[in-house]
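Engineer: The structure's right below; bear with me while I get my questions together.
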Amino acid sequence: QLGLKTEYMGRNIFFEEIVDSTQKIAQNLAADGTPEGTIVVADMQSNGRGRMSRKWYSPSGTGIWMSMVIRPNIPVIDTPQLTLLTAVAVTQAIEEITPLHPNIKWPNDILLNNKKIVGILTELQAEADQVHAVIIGIGINVNQRTEDFPEELQSIATSLHRETGNTIERAKLIQAILLKFEQLYTLYISKGFLPIKLLWESYSISLKNELIARTLTGTIQGKAIGIDDNGVLLLEDNDKKIHRIYSADIELLE
Ligand code: BTN
């Protein structure tokens, strides 16, 4: 019913009306050996999860809440690359079906007019250095009106409807995302991360900018000078020392 044009992404698909988290369901399916390309989509999540143990607001009828299971043959250290690949796929899908041109904020936020429209959560099942499955969760604010957002989110989050004035068909966007993802993932498997990195950089607003990175161990201010071959952010502080940032909240400075 999605009109999929993919070979394997979404060929095994679970639609649910309400779940606690599609991420949790996809984790269980992955542990039970579900094939690559399995997708879980829900209309509503009662316990949607964000990065850094935050909650992800996932009301009924208006958003895309989905998780994808993939099984790349890569070392654990390369998995951040898949978050960046997913951000490019979702950005390109949005560009395809709307007139909008979103930007990516490292590592995984997609923004429109500086407000968050998409969040991506990448989780791993691995043994030693071998990846068994990567579970990629994507949350997209699609048809929410301003007043549908809780007040504290209204100035920092937005939706495709808010930005275009139009209602977007969720199935059409899911289909576009799965196709873009499959194309980029095929490119990644055959040619490596470099072509994905170049695309990612062309959408990024974090690069060349002065920013503050808040990590679990401290706060660093500096200039983003690039991402390395693993997808890690390289930040140069005022003493020209370069820090490798694996995970952080980023605040962009003017
Ligand atoms: C972030 O903190 O920016 C990541 C948000 C990820 C939300 C998505 S919605 C579908 C999937 N299921 C979850 O519980 N979380 C992810």
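The values are calculated or read from the model by the stated rules, or taken from the named source; none is laboratory data. Remember, predicted model here, so these are calculated numbers, not experimental data. As a convention, Cβ positions derive from the backbone with ideal geometry for all residues, glycine included, and neighbour counts pool all protein chains shown.
Engineer: Restricting to strands (runs of 3 or more DSSP E) lying wholly in the stretch 202-244: which have 1 or more residues that are free of Cβ contacts under 8 Å to residues at least 12 places away in the same chain?
Structural biologist: Filter on the stretch 202-244 gives 219-227, 233-236.
Engineer: So, one more: Can you give me the number of residues within the stretch 206-227 that are under 21 Å from the mean Cα position of the chain (by Cα) and over 18 Å from residue 109 (Cα atoms)?
Structural biologist: 1
Engineer: Across the stretch 146-166, what is the total count of residues that are within 22 Å of the chain's Cα centre (by Cα), at pLDDT 95 or above and surrounded by fewer than 18 Cβ atoms within 10 Å (Cβ to Cβ)?
Structural biologist: Final tally of qualifying residues: 1.
Engineer: Between a first residue in the stretch 49-61 that is assigned by TED's automatic domain parsing to the domain that holds residue 116 and a second residue that is more than 6 Å from the ligand (Cβ to nearest atom) and part of a loop (DSSP other than H, G, I, E, B), which pairs have beta carbons less than 7 Å apart while being 6 or more apart in sequence or on different chains?
Structural biologist: Short answer, once both residue conditions are applied: 57/150.
Engineer: With respect to residue 62, determine if the residue is farther than 25 Å from residue 211 by Cα, crowded, with 17+ Cβ neighbours inside 10 Å and touching a helix residue (DSSP H, G or I) at 6+ places or on another chain (Cβ under 7 Å).
Structural biologist: Yes; evaluated as a whole, the condition is true for this residue.
Engineer: Let me ask another. State the number of residues belonging to the stretch 151-203 that are among the small types (Gly, Ala, Ser) and in contact with a strand residue (DSSP E or B) (Cβ under 7 Å, 6 or more places away or on another chain).
Structural biologist: 2
Engineer: Just checking, does the stretch 77-88 include any residue being in a helix (DSSP H, G or I), in the same structural domain as residue 140 (by TED's automatic domain parsing), within 13 Å of the ligand (Cβ to nearest atom) and within 26 Å of residue 146 (Cα to Cα)?
Structural biologist: Looking through the stretch 77-88, at least one residue is in a helix (DSSP H, G or I), in the same structural domain as residue 140 (by TED's automatic domain parsing), within 13 Å of the ligand (Cβ to nearest atom) and within 26 Å of residue 146 (Cα to Cα).
Engineer: Still on this structure: Give 223, 208, 180 a once-over and let me know the one that is among the basic types (Lys, Arg) and modelled with pLDDT of 95 or more.
Structural biologist: 180
Engineer: Consider residue 26 carefully, then state whether it is near the ligand (Cβ under 9 Å from one of its atoms) and assigned to a helix (DSSP H, G or I).
Structural biologist: yes
Engineer: Given the structure, is residue 69 within 25 Å of residue 187 (Cα to Cα) and within 9 Å of the ligand (Cβ to nearest atom)?
Structural biologist: Criteria not met by residue 69.
Engineer: Identify the residue in the stretch 34-59 that is outside any loop (DSSP other than H, G, I, E, B) and more than 20 Å from residue 17 (Cα to Cα) and, among all such residues, is farthest from the ligand (Cβ to nearest atom).
Structural biologist: By that ranking, first place goes to 53.
Engineer: Identify the residue in the stretch 132-144 that is part of a strand (DSSP E or B) and more than 11 Å from the ligand (Cβ to nearest atom) and, among all such residues, is nearest to residue 42 (Cα to Cα).
Structural biologist: Ranking the candidates gives 134 first.
Engineer: Looking only at residues that are closer than 23 Å to residue 88 by Cα and in a loop (DSSP other than H, G, I, E, B) in the stretch 145-164, which one is nearest to the ligand (Cβ to nearest atom)?
Structural biologist: 156
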